[in-house]
1. Indicate, rounded to the nearest 5 percent, the antiparallel portion of the DSSP beta bridges found entirely in the chain.
2. Taking N as the number of residues in the range 296-438, what is its alpha-carbon radius of gyration divided by 2.2 N^0.38 Å?
3. Could you tell me which of SER132, TRP157, ALA185 has its Cα farthest along the dipole of the chain towards the positive end, charges placed at Cβ (Lys, Arg +1; Asp, Glu -1), taken about the Cα centre?
4. So how much slack lies between ALA450 and TYR315, counting 0.36 nm per residue of separation and subtracting their Cα-Cα distance, in nm?
5. Provide the gained length on full extension for the span TYR170 to GLN384, in nm with one decimal, where the gain is 0.36 nm per separating residue minus the Cα-Cα distance.
6. Post the alpha-carbon centroid distance, the range 335-354 to the range 422-457, in whole angstrom.
7. Rounded, prolate or oblate: which fits the range 281-320, taking a ≥ b ≥ c as square roots of the Cα gyration tensor eigenvalues, rounded meaning a/c under 1.5, else prolate when a/b beats b/c?
8. Run the reach check for LYS144 against lysines, Cα to Cα strictly under 26 Å, same-chain hits fewer than 8 apart removed. What comes back?
Amino acid sequence: MSQALPTGFLWGNSTSSMQTEGGQKEGGRGPSVYDPRPAGPNNMDWSTTIDEYHRYEEDYDLMQQMGMTCYRFQIGWSRVCPTGDGDFNQAGIDFYRGQIKALIARGITPMICLYHFDMPLALAEKYNGFLSRHVVDAFVRFGKRMVDEFADLVPYWLTFNEQNLYSTSYSRVYAGCLEGGESDAEIFTITNHVMSAHAQVANYLHAHTEAKIGGMLAYEEVYPATSNPLDNQYARQLDEFMNRNLLDVFVRGHYSNEVLTYLANHKIDMDFTEADQAAFDDLYSDYIAFSYYRSDLIDSGLVPVNTSPLRYLDYGNTRNIYTRYNEWNWNIDPRGFRDIMTKVYNAYGLPLFPIENGIGVREPDTTEQIQDDYRIDYHRQHIQAMKDAIFEDGVTVLGYLGWGLIDIPASSGNMDKRYGAVYVNRTNSEVRDLARIPKKSFGWFKQVFASNGADLG
Ligand code: BG6
């Protein structure tokens with residue numbers, strides 16, 4: 001046995017609504033941008049997924065048996081407001097109230113996220129997603145209503161899942177843009193619109209409730225590929241443009257000086273207004289939440305000259321010979337996890353909250369218990385790295401949530417890439433009976449949670 005985590009440390013699971021709920025046409029839900037996406041050879045359609053819409057009680061029982069004390073899930077915008085900016089749907093609101101109460105009844109603290117890339121289809125078609133200020137206003141209206149409905153029951157809040165992904169070349173996909181969204185000016189505009197929406201909702205929550213809210217990033221550690229000083233510069237710039245630019249707003253109320261200088265030099269207009277700055281002036285964060293799966297290596301020699309830092313990884317990401325990779329070329333790097341927690345805490349001084357972590361693996365198609373020792377190894381190493389950040393580096397960490405600990409499809413819709421400690425009996429092409437069968441790691445997690453992180457097996 002090693003040292004336990006402080007009393008009250010939160011252990012649990014994290015998901016999105018489009019990857020869990022199904023119930024696409026039920027309860028008055030409106031379509032999101034995911035609904036028209038068809039099934040393919042390596043992905044399901046989004047109509048059923050793991051049918052959480054009908055099975056959340058069963059899954060919450062499993063979470064309780066596992067000893068979880070926190071569950072981060074998402075309120076689907078189109079379920080509670082079918083067109084995104086029109087009437088609210090009481091049946092949708094009641095559905096989420098049922099989930100929250102079912103969690104609390106089991107001693108599991110709810111954490112709500114308000115957006116996980118699933119833009120209401122009507123807002124995508126009419127306004128082109130977060131390129132539009134109308135969509136910012138619609139999101140703020142939705143967010144405020146959810147705060148009014150649920151903040152007395154839900155102590156932890158997030159607005160946007162992985163907010164730094166809006167500062168990448170895939171920004172348009174996450175932001176629900178059906179046209180354009182590819183130029184640097186558009187990417188920075190989406191970045192600013194999303195940050196403005198975050199700030200307005202966070203300020204409202206802070207002004208009217210006792211609940212806590214923080215920004216959330218997909219934090220990938222990026223190392224220089226060699227000792228070439230330019231590799232090091234690119235790695236540092238990536239951290240500045242992708243992560244610190246947003247952390248500076250979450251914590252200090254302004255964008256990074258380096259990024260603002262880049263925008264001025266390149267005459268890039270990000271549609272930044274006085275009202276945005278006023279919202280940032282009032283903004284503060286109670287914690288920094290982040291997902292962590294893997295690290296990257298940047299080789300500046302592969303990046304064409306005059307490439308924007310937002311796109312360095314599109315060209316220069318190379319393989320790290322010191323780490324092992326899964327089938328999807330995601331590597332296993334617990335040291336990167338520790339390094340992120342320590343450097344962000346040192347720089348910003350806020351509690352950290354890793355709310356997604358895990359390994360996607362193709363597993364046997366069987367209802368026998370799956371012996372997923374590789375998953376146990378992955379989580380053991382990452383929890384140990386987190387403990388090193390806490391006990392050796394002095395970082396304050398609120399909890400540790402694994403990703404999709406009951407199997408859900410990957411973000412691409414691929415059920416072959418599983419993260420769970422509980423097997424769900426379906427494939428990409430067959431829905432089957434969706435039976436839930438604990439894997440070997442279920443028992444391991446139970447022991448870790450029961451010992452508050454002391455017994456890592
Ligand atoms: C995060 C997303 O980026 O990574 C999740 O928040 C996603 O939606 C998770 O499922 C793992 O990625 P993937 O592509 O393996 O599902």
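1. Counting DSSP beta bridges with both partners in the chain, the antiparallel share is about 20 percent.
2. With N residues counted in the range 296-438, Rg over 2.2 N^0.38 Å equals 1.24.
3. Working it through, the farthest residue towards the positive pole turns out to be TRP157.
4. Fully extending the segment from ALA450 to TYR315 adds 44.2 nm.
5. On the way: separation 214, 0.36 × 214 = 77.04 nm, distance 3.25 nm.
In short, 73.8 nm is gained.
6. Here the answer is 28 Å between Cα centres.
7. On the way: a/c = 5.44, a/b = 1.78, b/c = 3.06.
Verdict is oblate for the range 281-320.
8. List returned: LYS25, LYS101, LYS126, LYS212.
The values are calculated or read from the model by the stated rules, or taken from the named source; none is laboratory data. Not measured: the values here are computed from a predicted model. Positions of Cβ are generated from backbone atoms using ideal geometry, with glycine treated the same way; all protein chains shown enter the neighbour counts. Side chains are part of the model used for accessible areas, which takes the heavy atoms of the whole protein and leaves out ligands, DNA and RNA. Shrake-Rupley method; radii C 1.70, N 1.55, O 1.52, S 1.80 Å.
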